[in-house]
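Comments concern the structure below.
The values are calculated or read from the model by the stated rules, or taken from the named source; none is laboratory data. Small disclaimer: the values here were computed from a predicted structure and weren't measured. All Cβ positions, glycine included, derive from the backbone under ideal geometry; neighbour counts span all protein chains shown. What goes into the accessible areas is simple: the full protein's heavy atoms, side chains included, and nothing from ligands, DNA or RNA. Shrake-Rupley method; radii C 1.70, N 1.55, O 1.52, S 1.80 Å.
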Amino acid sequence: MGLHKAIVFSITPFDTAIKEEGYLLNISSDEIRITASTGAGSFYAIQTLIQLLPVEQQTRLKIPAAAIADEPQYKWRGMHLDCSRHFFSKEEIKKYLDLMALYKFNTFHWHLTDDQGWRIEIKKYPLLTQISSTRKETVIGHPKDTGNKFDRKPYSGYYSQEDIKEIIAYATERHITIVPEIEMPGHSVAALAAYPQYSCTGGPFEPMTIWGVSNEVFCAGNDSTFSFIENILSEVCALFPGKYIHIGGDECPKDRWKTCAKCQARIKKEKLANEAELQSYFTKRIVNYLTAKGKTVIGWDEILEGGLAPGAIVMSWRGTSGGIAAAEQEHYVVMSPGNPCYFDHYQSKKINEEPLAIGGYNPLPAVYDYVPTPKKLSPDKTPYILGAQGNVWTEYIPDFSHVEYMALPRMCALAEALWTDPENKNYKGFIRRLTIQSKLLDAKNVNYDNKFIKKK
Ligand code: ACM
Ligand code: ZN
């Protein structure tokens, strides 16, 4: 007992045994000693300490004695949030970042643009926030059940560049890098509603009020489309200090390109075989632009089709085959296969007892047991698997409390899949620890799905 007891931090040089993001945490009756080689490592030691602290008010604070040597298995420990289909406030994004930090995630993939809403202020193109950030109404329920009934209420929201700077600073303090996503060439109807001259047909369009995939996409034959996108990306690059920019690339129907004179002229001039190669041309042109700005491009696995741009990172969502193909070609890969990384899917089979979801079934044990490095991958290519990410698409998630319900506790399970040495993983142990942890989530007012707690 005594006031002299301390938490002692020491930073060791990089050439010691402690790796980047790793730490030693020694808790004895005399002191708590944290040793790391980076600020991130010290930060993660503190998160572990927070997880060990009792949540209830006590007269004496008791922490178990421990000697922990810890480091992550994977570099990319990501969570994604779709802020286009539904918009979440600055405070809600900060709460998401707090939860990510608690579970040692280091990458926030911020889905800022899509067909149903553009959510980032771009100073050069004010109509993106005046027009593209508002849809006139939103479809109610699941299309397979409702036959497209609408709520008749305008829906809007966007982050100003000042908001974004504040959120980046908040994330940086928590050792989280933000990867902004600007979707192209598909999922761009909201942008085209304000700037229809960059489509193949000239419009008119409005931000979509239903979910799904639109045939209206950016025109790949028009040079001014590229200037428009590059001017947007120039502001995005100036705002976000991280090295990664996500350019989407998924679900781009080629219908318009097939009948557009400009797109067809481009195919001819560039000697492209087909519209898939036109998308590859599109991606490569944007990759060249962003590479010259010192950024690394990430795209959904469709960017493989028609040939992968040099240096691009593939985010594998349609299963793992795209990720495997990219890694075999020595491209870095982030795994985010629908199964089990899509946290907008149901987490219970009793769907009548669950809030409406898009479909699917990704229960907690499947997430816990996930191994990001595919067994099929050649052993010498495994270093190309950077890690994995949980995705929270929000077509059917209208408010943040529902985001929490879908994300937790699945993100806790993913956190262990990404951090913990597989030899130390144990689902029963996870549930026991998570049950204790749930008090911390209660104290933070997190609306997690609590079905993992065994009823006494
Ligand atoms: C996606 O889910 N369309 C990437
Ligand atoms: Zn076109």
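Okay, here's what the table says:
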item	result
Positive-end residue, the stretch 310-416 charge dipole about Cα centroid, Cβ charges, pick of TYR346, ASN391, GLY319	GLY319
Nonlocal amide H pairs with MET315, under 5 Å, H built at 1.01 Å	GLY299, TRP300, ASP301, VAL334
LEU52 versus ASP255: modelled label distance in nm, points set 7 Å from Cα along the beta carbon direction	5.9
Of all accessible heavy-atom area on the chain, the percent that carbon and sulfur account for (1.4 Å)	53
Debye, to nearest 20: dipole size of the stretch 350-419, +1 on Lys, Arg Cβ, -1 on Asp, Glu Cβ	380
GluC sites (Glu not before Pro) within the stretch 19-128, DSSP loop, no more than 11 other Cβ atoms inside 10 Å	GLU56
Note, ³J(HN,Hα) from phi for the stretch 262-269, Karplus 6.51, -1.76, 1.60, rounded to Hz, x at Gly and Pro	5, 5, 5, 5, 5, 4, 5, 4
Flagged links, alpha-carbon separation over 18 Å, of LYS350/LYS451; LYS123/LYS165; LYS62/LYS455	LYS62/LYS455
Antiparallel DSSP beta bridges within the chain, percent to nearest 5	30
Taking the stretch 1-135 and dividing mean pair separation by its residue count, relative contact order in percent (alpha carbons under 8 Å, at least six apart)	18
Reachable lysines from LYS262, criterion Cα separation under 20 angstrom, eight or more residues apart if same chain	LYS254, LYS271, LYS284
The stretch 316-428 - accessible surface per residue (Å², probe 1.4 Å)	41
Which listed pairs, of LYS124/LYS269; LYS90/LYS444; LYS136/LYS349, have C-alpha distances above 24 Å, in listed order	LYS124/LYS269; LYS136/LYS349
222 nm mean residue ellipticity, helices alone, for the chain (DSSP H n ≥ 4; -39,500 (n - 2.57); rounded to 500)	-10000 deg cm²/dmol
Percentage relative contact order, the chain, counting C-alpha pairs under 8 Å, at least six apart	13
Net dipole in debye of the chain [+1 Lys, Arg Cβ; -1 Asp, Glu Cβ; about Cα centre; nearest 20]	520
In Hz, Karplus ³J(HN,Hα) per residue of the stretch 335-348 (6.51, -1.76, 1.60; θ = phi - 60°; x = Gly, Pro)	8, 8, x, x, 10, x, 8, 8, 8, 8, 7, 4, 10, 9
Per residue value of the accessible surface for the stretch 86-232 (all protein chains in place, 1.4 Å probe), Å²	36
Kirkwood estimate for the chain, i.e. one over the average of 1/r between Cα atoms, Å	23.3
Solvent-accessible area per residue, Å², over the stretch 1-78 with all protein chains present [probe radius 1.4 Å]	62
Trypsin sites (Lys or Arg not before Pro) lying in DSSP loop within the stretch 223-318, provided at most 16 other Cβ fall within 10 Å	LYS243, LYS271, LYS293, ARG318
Per-residue ³J(HN,Hα) for the stretch 290-300, Karplus 6.51 cos²θ - 1.76 cosθ + 1.60, θ = phi - 60°, Hz, x for Gly and Pro	6, 5, 5, 8, x, 9, 10, 9, 10, x, 5
Within the stretch 191-322: Cβ-based charge dipole about Cα centre, in debye rounded to nearest 20 (Lys, Arg +1; Asp, Glu -1)	440
Spatially proximal lysines relative to LYS19 (Cα-Cα < 20 Å; intrachain offsets below 8 disregarded)	LYS75, LYS104
